[in-house]
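K.L.:
Pasting a structure here, questions to come.
The values are calculated or read from the model by the stated rules, or taken from the named source; none is laboratory data. Computed from a prediction, not measured in an experiment: that's the story for all the values here. For neighbour counting, all protein chains shown are included, and Cβ atoms are generated from backbone atoms with ideal geometry for every residue, glycine included.
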Amino acid sequence: MTQNVPSKTLPFLPFVRSEIDEETIQGVADVLRSGWITTGPQNQQFEAELSAYCGGRPVRTFNSGTATMEIGLRIAGVGEGDEVITTPMTWVSTSNVIIETGATPVFADIDPVTRNIDLDLLEKAITPRTKAILPVYLSGLPVDMDRLYGIAREHGLRVIEDAAQAFGSSWRGQKIGAFGDIVSFSFHANKNVTSIEGGALVLNNEEEAVLAQKYRLQGITRTGFDGMDCDLLGGKYNLTDVAARVGLGQLKHVERFTEQRRELARAYFESFANGAAVRTGVQLPVQNFTDSNWHMFQIALPLERLSLTRAEFMGQMKERGIGTGVHYPALHLFTLYRGRGFHEGMFPHAEKYGASTVTLPLFTQMNQDDVTRVVQAVDEICAAHAI
Ligand SMILES: *Cc1c(COP(=O)(O)O)cnc(C)c1O
């Protein structure tokens with residue numbers, strides 16, 4: 001049916017759109033009427049449910065998945081003079097927070113197949129100053145977690161997992177967040193589970209949880225009716241109860257969200273199979289339907305075999321009513337990082353992927369026809385511009 005309709009008449013298909021149910025919308029209205037709209041009972045419940053999801057580990061909510069990483073690093077004792085190893089293929093906040101603590105970000109290139117940090121290169125980047133590792137699970141695909149924690153143990157390093165994209169993902173049947181060292185999640189609007197903006201930090205023990213609470217709100221500890229002390233420099237990172245209520249409403253659906261995303265990813269692989277795009281050399285992600293939560297579906301364009309730029313490709317997709325994104329440009333080539341001595345040629349796999357990747361639409365309210373429509377558009381554009 002859709003194939004006979006000119007694409008101009010089809011509704012615009014964005015690359016991401018969150019699914020908020022009516023019960024959640026009603027719940028938000030109830031919070032607004034309740035008389036307590038900032039951090040309160042909804043956050044307590046959100047933390048309790050997240051903790052249950054993470055195998056009973058202590059969890060604290062924050063107002064972003066950037067704040068969680070920065071506080072995670074501080075709790076791990078990262079600061080001035082330390083090095084933290086991470087990937088150049090991530091949202092820039094992953095590395096910015098390392099600088100924020102006074103430590104130095106050290107990058108290891110990606111594995112071009114998984115697009116995640118290459119653990120061999122990570123191990124080679126360890127120096128006597130290395131304090132922690134900050135791995136990222138791009139699109140929700142974990143790294144080899146056994147190997148990661150093996151390296152950390154062997155070298156006595158802390159791990160702060162940037163699992164911003166990996167809520168709902170797992171490793172050998174265990175949820176990401178249910179094991180490991182410090183784990184950071186984001187609930188930004190584009191993530192699989194959202195609280196509009198927000199994040200959560202999974203911690204090892206109550207001591208770390210108390211520290212997280214202090215860092216979250218000005219280093220304050222309250223006692224009794226009127227007691228208050230401030231014994232460390234904290235910030236302003238607490239989550240509102242309105243946001244926590246949205247998060248609670250989303251949490252109910254996490255298994256369905258993950259399942260639907262896996263089905264859509266499967267549909268992408270089936271539609272792409274042996275089509276013009278793949279024949280031209282378009283690279284697809286790793287086919288993983290057990291661990292990944294399929295936060296995104298990213299292709300890499302074979303630009304050397306196409307007579308158009310990535311921007312032109314994205315423009316042609318838009319003309320067909322299809323939204324796309326870029327996740328991400330290699331971050332060491334941003335001005336801030338060039339100013340710190342980074343340049344082209346240092347991390348060739350991240351640079352190549354960062355210059356050629358395109359994120360295709362993937363969200364729970366899509367159906368198989370939408371996937372077919374996207375792949376048809378990619379195939380047509382590749383066929384028309386193959387050189
Ligand atoms: C979204 C994201 C973050 C930051 O999360 P915010 O909640 O937007 O601060 C960090 N790292 C990665 C990989 C992300 O995708």
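K.L.:
Pairs under 7 Å by beta carbon, first residue at negative phi in segment 227-242, partner of a type in the set (Gly, Ala, Ser) and outside any loop (DSSP other than H, G, I, E, B), six or more apart or different chains?
P.N.:
Tyr237/Ala67
K.L.:
Can you tell me which residue is nearest to the ligand (Cβ to nearest atom) among those in segment 306-326 that are part of a helix (DSSP H, G or I) and touching a Ser or Thr at 6+ places or on another chain (Cβ under 6 Å)?
P.N.:
Applying the filter and picking the extreme gives Met314.
K.L.:
List every residue pair whose Cβ atoms lie under 9 Å apart, where the two residues are 6 or more positions apart in sequence or sit on different chains, the first residue falls within segment 126-138 and is of a type in the set (S, T, N, Q), and the second residue, located anywhere, is within 16 Å of the ligand (Cβ to nearest atom).
P.N.:
Thr130/Val84; Thr130/Ile85
K.L.:
Same structure, new question: Looking only at strands (runs of 3 or more DSSP E) that lie completely in segment 16-130, which have at least 3 residues being modelled with pLDDT of 95 or more and farther than 30 Å from Pro302 by Cα?
P.N.:
Because the criterion is at least 3 residues that are modelled with pLDDT of 95 or more and farther than 30 Å from Pro302 by Cα, the strands (runs of 3 or more DSSP E) in segment 16-130 that meet it are 59-62.
K.L.:
Counting only residues that are more than 16 Å from the ligand (Cβ to nearest atom) and touching a residue at least 40 places away in the same chain (Cβ under 8 Å), which one in segment 112-125 is surrounded by the most Cβ atoms within 10 Å (Cβ to Cβ)?
P.N.:
Only one residue fits best here, namely Asp118.
K.L.:
Does segment 55-92 hold any residues that are surrounded by fewer than 24 Cβ atoms within 10 Å (Cβ to Cβ) and polar (S, T, N, Q), and which are they?
P.N.:
Once the filter is applied, which keeps residues that are surrounded by fewer than 24 Cβ atoms within 10 Å (Cβ to Cβ) and polar (S, T, N, Q), segment 55-92 yields Asn63, Ser64.
K.L.:
Tally the residues that are out of contact with any Phe, Trp or Tyr (no Cβ under 7 Å at 6 or more places or on another chain) and near the ligand (Cβ under 10 Å from one of its atoms), restricting the search to segment 70-94.
P.N.:
So the answer is 3.
K.L.:
Separate question: Of all residues in segment 52-69 being touching a residue at least 24 places away in the same chain (Cβ under 8 Å), more than 14 Å from Glu161 (Cβ to Cβ) and more than 19 Å from the chain's Cα centre (by Cα), which is nearest to the ligand (Cβ to nearest atom)?
P.N.:
My answer is Pro58.
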